[in-house]
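Chemist: Pasting a structure below so you can have a look.
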Amino acid sequence: MMKELITLEWLKFRKNSVVIVLSALFVGLFPFIILTGKKVFNNVPPPLPSSIVFYEFPTVWDYQGYAGNWLVSFCLGFMMVYMVTSEVSNRTQRQAIINGMTRKEYWFSKLSVLIFMALVATAMYVVSSIVLGVTHTEGYDFEIIWDNNNAIIRFL
């Protein structure tokens with residue numbers, strides 16, 4: 001049932017330019033947003049840690065999560081608000097209920113899309129953090145990669 005509701009939502013919004021642009025911005029910027037600070041924080045004063053700490057294991061989980069959460073709230077949060085409000089303004093919410101969808105199914109479809117987007121964003125977070133950490137950490141091993149694994153739950 002969840003798959004059908006997500007598919008229905010996808011069919012409604014697959015050609016919507018706002019949803020496409022916000023999705024593209026998120027997918028395009030999320031893995032690399034933390035790298036923008038690499039040039040900005042190149043030479044930091046001595047009391048602060050060097051800029052490489054942002055990209056090494058295990059701290060990459062925290063910093064990638066912090067930078068990514070800003071992008072999640074702007075892109076994906078705005079997209080969910082847009083998806084709900086556009087259905088109200090276009091009267092497709094009322095039409096779906098008239099066509100036989102219960103109100104519970106309607107809100108469950110929105111919740112399903114929200115959960116799906118959260119899981120996809122978390123998967124992108126895990127992959128991008130591992131790639132950033134592996135490319136910037138010397139002498140990494142499995143234990144140090146997953147040392148701060150509670151950050152994944154916090155990001156979700």
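The values are calculated or read from the model by the stated rules, or taken from the named source; none is laboratory data. Being a predicted model, the structure only gives us computed values, none of them experimental. All Cβ positions, glycine included, derive from the backbone under ideal geometry; neighbour counts span all protein chains shown.
Chemist: All but one of (1) in contact with a Leu (Cβ under 6 Å, 6 or more places away or on another chain); (2) farther than 19 Å from Glu4 by Cβ hold for His136; state the number of the condition that does not hold.
Modeler: Unmet for His136, out of (1) in contact with a Leu (Cβ under 6 Å, 6 or more places away or on another chain); (2) farther than 19 Å from Glu4 by Cβ: (1).
Chemist: If we only count helices (runs of 4 or more DSSP H) wholly inside segment 1-95, which ones have 3 or more residues that are under 20 Å from Tyr125 (Cβ atoms), under 16 Å from the mean Cα position of the chain (by Cα) and at pLDDT below 85?
Modeler: On the way: elements: 2-13, 17-29, 36-40, 60-71, 77-89.
The helices (runs of 4 or more DSSP H) meeting that bar are 60-71.
Chemist: Shifting gears a bit: Filter segment 109-139 down to the residues that are among the hydroxyl-bearing types (Ser, Thr, Tyr) and in contact with a Pro (Cβ under 8 Å, 6 or more places away or on another chain) and list them by number.
Modeler: Ser128
Chemist: I would also like to ask the following. When the residues of segment 139-156 are filtered to those that are among the polar types (S, T, N, Q) and in contact (Cβ under 8 Å) with a residue 24 or more places away in the chain, which remaining residue is surrounded by the most Cβ atoms within 10 Å (Cβ to Cβ)? Step through it out loud before you land on a result.
Modeler: From segment 139-156, those among the polar types (S, T, N, Q) are 148-150; that's our starting set.
Still in the running and in contact (Cβ under 8 Å) with a residue 24 or more places away in the chain: 148-149.
Working: Asn148: 17, Asn149: 11.
Filtering segment 139-156 for residues that are among the polar types (S, T, N, Q) and in contact (Cβ under 8 Å) with a residue 24 or more places away in the chain, the one surrounded by the most Cβ atoms within 10 Å (Cβ to Cβ) comes out as Asn148.
Chemist: Hey, another quick one. Please go through segment 105-138 and pick out each residue that is hydrophobic (A, V, I, L, M, F, W, C), surrounded by 16 or more Cβ atoms within 10 Å (Cβ to Cβ) and either touching a Phe, Trp or Tyr at 6+ places or on another chain (Cβ under 8 Å) or not in a helix (DSSP H, G or I) (or both).
Modeler: Ala121, Met124, Leu132
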